[in-house]
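Read through the structure below, which is laid out as structure tokens, and then see the notes.
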Amino acid sequence: MGFLSTFRRGRDRSAATASGGDLDHEIRASVNFDPGFEGLVKLLGTESLSESVTFEEALSLPPVLAAINFLSQSLAALPIKVYRRNAEGHPDEAIEHPISRILNGAANDVSSAYDFRKVLHAEQFGPGRGYAQIEKDRSGRVVNLFPMEYQRTAVRRDGKGRIFYDYTRADGRTVTYRSDEVIDLAYLRKADQVSSRNPVMTCAGAIRQGLNASRYALTTFGRNGIPPYVLEGALPSGDAARRASDDVAKVARRAAEEGKPILPLPGGFKLSRLGDDPEKMQLTSVQVFTVQQVARIYNLPPVFLQELSTGTYSNVEQQDLTLVKHTLSALVRQADGELSLKLFGRDSDLYVKHDLDQLARGIFKDRTEALARAVNSGQLTPNEAREMSGRGKLDGGDQLFMQSGSIPIELLAERVRAEIDGRAPPMPDPPADPDDPDNPDNPDAGGDNDEQDE
């Protein structure tokens, strides 16, 4: 609750005053996850439905928690740089800006940028919406970023089409913020640009299937589950069967304590396995399918949810590329656009951009060879390559270099045509080897000849 006290510095405005219109004409977003949602589910009797699931239940399923944690920590760990747009034909340049310290260092007085951004993205992929308040000083400069709890935030659009965020503080008072004062990252925004879809509630059926499989496994393997073995034989009564099972259990316990590999049984009796084979019960395949379903929900390759049943060195590497190309690139594009719009404004030449190179570092040998080729081919300066490797700049490293053996194709074609026409100048002789005895410039060559003459 430490974050909530900081909101007292914001402007406390009522919803009607801020909107400037009649509340009856407003379009409000439905909050699908609030403290009373689970109680409402129980009251309506929908808890017994096979497809219903609560958010806390969904988090108890390991693939769901792993997907939310993986995406949030991966995006929070990426560096964010501030760029300035230049004229056409000139590349944009990274600049030093106070926003960089907020997005990469400390978001506010009590929260690091990593923790703040991880909470923001965890809300985005959990309940489906991540909010953050932008605090500015009197000059309009951004000084702090504070997370806003999803359960306490309601989004609405007034009659004029403007969007406002009503935040309920811990003391019960409601603070209203304009759209340019709130960072809003949605998992899947609806067409009205106000509501959004909750990935857990939208795909509750698939998540419920995994929860049911886990619950069934607990009834089988748990302390109060089905006994793993059944004693078969001719038993005259129920008391005799109970005494026989107790005797077999004592013998089995004693054999285990003494380390005996053989368990003696009375004549005419045998032990049979009952309901403890995951393969026959298809629990393993159901668990794997649940992981794949969650991976589909969050557009994640299954390997990042630790599902390696079909993993090989080749396809795992390809899944790593797929993650960056088709999942994280789109997510950072969304975050870049929202941060740039809310932090700098619509017409600003400044924008922010996540650095995905941190996820594509690869093997040190391959990365070093790639940087060396980029420097030798004139694509990067040595200092740019050093910066990408986390090293400092050196004097003379801001120039582009090219290997001398590379010449333009036009000059090469002209030289070939000249040789065909006989107009090409003679090729120069290769330089003489200074160690060659026949080289007159070799000081030892003459001495050897004089000795031979004598």
For the pair ASP180/ASN69, report the inter-label distance in nm, with labels modelled 7 Å from Cα in the Cβ direction. 4.1
Derived scalar couplings ³J(HN,Hα) [segment 337-353; Karplus, 6.51 cos²θ - 1.76 cosθ + 1.60; whole Hz; x for Gly, Pro]: x, 5, 5, 5, 5, 7, 8, 10, x, 6, 9, 7, 7, 9, 8, 10, 8
SER309 to SER377: extension gain in nm, 0.36 nm per residue of separation minus the Cα-Cα distance? 20.2 nm
Residue by residue through segment 164-173, which ³J(HN,Hα) values in whole Hz follow from phi under the Karplus form 6.51 cos²θ - 1.76 cosθ + 1.60 (θ = phi - 60°), with glycine and proline marked x? 10, 10, 9, 10, 8, 6, 5, 7, x, 7
Mind checking segment 336-379 for trypsin sites (Lys or Arg not before Pro) that DSSP puts in a loop (not H, G, I, E or B) and that have at most 14 other Cβ atoms within 10 Å? ARG346, ARG361
Name the long-range amide H neighbours of ALA106: under 5 Å, sequence gap of 5 or more, or other chain; modelled H, no Pro or chain starts. ALA113
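Could you give the length gained by full extension between ASN86 and ILE420, i.e. 0.36 nm per residue of separation minus their alpha carbon distance, to one decimal place? List each step's numbers first, then the result.
Working: separation 334, 0.36 × 334 = 120.24 nm, distance 4.79 nm.
Gain on extension, ASN86 to ILE420, equals 115.4 nm.
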Label-to-label distance, nm, for residues given as THR168 and ALA413 (7 Å Cα→Cβ offset): 7.4
Would you calculate the separation in nanometres between label points at LEU59 and ALA249, each defined as 7 Å from the Cα along the Cα-to-beta-carbon direction? 3.8
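If the chain between ASP320 and ALA241 were fully stretched, how many nm would it gain, using 0.36 nm times the residue separation less the Cα-Cα distance? Could the numbers behind the result be given before it?
Values: separation 79, 0.36 × 79 = 28.44 nm, distance 5.78 nm.
The span from ASP320 to ALA241 would gain 22.7 nm if fully extended.
The numbers here are math on the coordinates, done by the rules we state, and not lab data. Just so it is clear, the model here is predicted, and its values are computed rather than measured. Positions of Cβ are generated from backbone atoms using ideal geometry, with glycine treated the same way; all protein chains shown enter the neighbour counts.
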